[in-house]
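For reference, the structure is listed below as structure tokens.
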Amino acid sequence: MAKRVAAKACPCTSGAAYADCCAPFHRGAEATTADRLMRSRFAAFALGDGAYLWRTLHPTHPLRSRPEAEVVRELSRAKQTLRYQRLTVHDHDEDGDRARVLFTAHVFEKGKDRSFTELSEFARVDGAWRYREGLAVDAPAATIVELLERLS
């Protein structure tokens, strides 16, 4: 009787198997929504896939002003000290070629909680979603509207 091997869970914590969730994006497919791009970027941080993180940066992102090899190396090394445990997506909205995702990344460094909440902005470039920038948020909000009202 052959043993059944359990599918590796996706680091984005969607509950799906990695092979069916974020792996296709890491291998070159484009995310169809900003929410999927956010999840696949979290998984890439967890796996140390700096090349994917670079590829999915918007051309105007500040890291793009630095040498690609240097940035990819730094992004890939982050997983050596940081443990990306869980991603909670609170809300997301999309308006044409722009989108926002409000999430909390549950991250630990040597047992210390380094978790953070961010409102990320995405834009389509040549039909593909790219990460533009993120705004750190002091406390999680239930929705983007609620967060924007607090920031006003």
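The values are calculated or read from the model by the stated rules, or taken from the named source; none is laboratory data. Every value quoted in this text rests on a predicted model; they were computed, and no experiment measured them. Backbone-built Cβ (ideal geometry, glycine too); neighbour counts: all protein chains shown.
Based on what the data block shows, is residue 6 among the aliphatic types (A, V, I, L, M), at pLDDT below 95 and not in a strand (DSSP E or B)? So residue 6 fits the description; yes.
Within the stretch 14-45, the residues that satisfy the criterion of being hydrophobic (A, V, I, L, M, F, W, C) and part of a helix (DSSP H, G or I) are 19, 23, 25, 34, 37, 38, 42, 43, 44, 45.
Does the stretch 18-28 contain any residue that is surrounded by fewer than 21 Cβ atoms within 10 Å (Cβ to Cβ), among the charged types (D, E, K, R), under 16 Å from residue 133 (Cα atoms) and free of Cβ contacts under 8 Å to residues at least 12 places away in the same chain? Checked against the condition, which is being surrounded by fewer than 21 Cβ atoms within 10 Å (Cβ to Cβ), among the charged types (D, E, K, R), under 16 Å from residue 133 (Cα atoms) and free of Cβ contacts under 8 Å to residues at least 12 places away in the same chain, the stretch 18-28 yields no hits at all. For the stretch 43-52, the count of residues that are surrounded by 21 or more Cβ atoms within 10 Å (Cβ to Cβ) and acidic (Asp, Glu) is at least one.
Table: residues versus (1) at pLDDT 95 or above; (2) in contact with a helix residue (DSSP H, G or I) (Cβ under 6 Å, 6 or more places away or on another chain).
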residue: 28; (1), (2): yes, no
residue: 36; (1), (2): yes, no
residue: 40; (1), (2): yes, yes
residue: 46; (1), (2): yes, no
residue: 54; (1), (2): yes, yes
residue: 67; (1), (2): yes, no
residue: 92; (1), (2): no, yes
residue: 97; (1), (2): yes, no
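The set of residues in the stretch 52-77 being free of Cβ contacts under 8 Å to residues at least 40 places away in the same chain and within 13 Å of the chain's Cα centre (by Cα) consists of 52, 53, 54, 55, 75. The set of residues in the stretch 75-88 being assigned to a strand (DSSP E or B) and surrounded by fewer than 17 Cβ atoms within 10 Å (Cβ to Cβ) consists of 83, 85, 86, 88.
Going through the stretch 118-142 one residue at a time, which ones are assigned to a strand (DSSP E or B) and touching a His at 6+ places or on another chain (Cβ under 8 Å)? Please lay out each step first, then the result.
Restricting attention to the stretch 118-142, the residues satisfying the condition of being assigned to a strand (DSSP E or B) are 118-125, 128-137.
Those that are assigned to a strand (DSSP E or B) and touching a His at 6+ places or on another chain (Cβ under 8 Å): 122, 123, 125, 130, 131, 132, 133.
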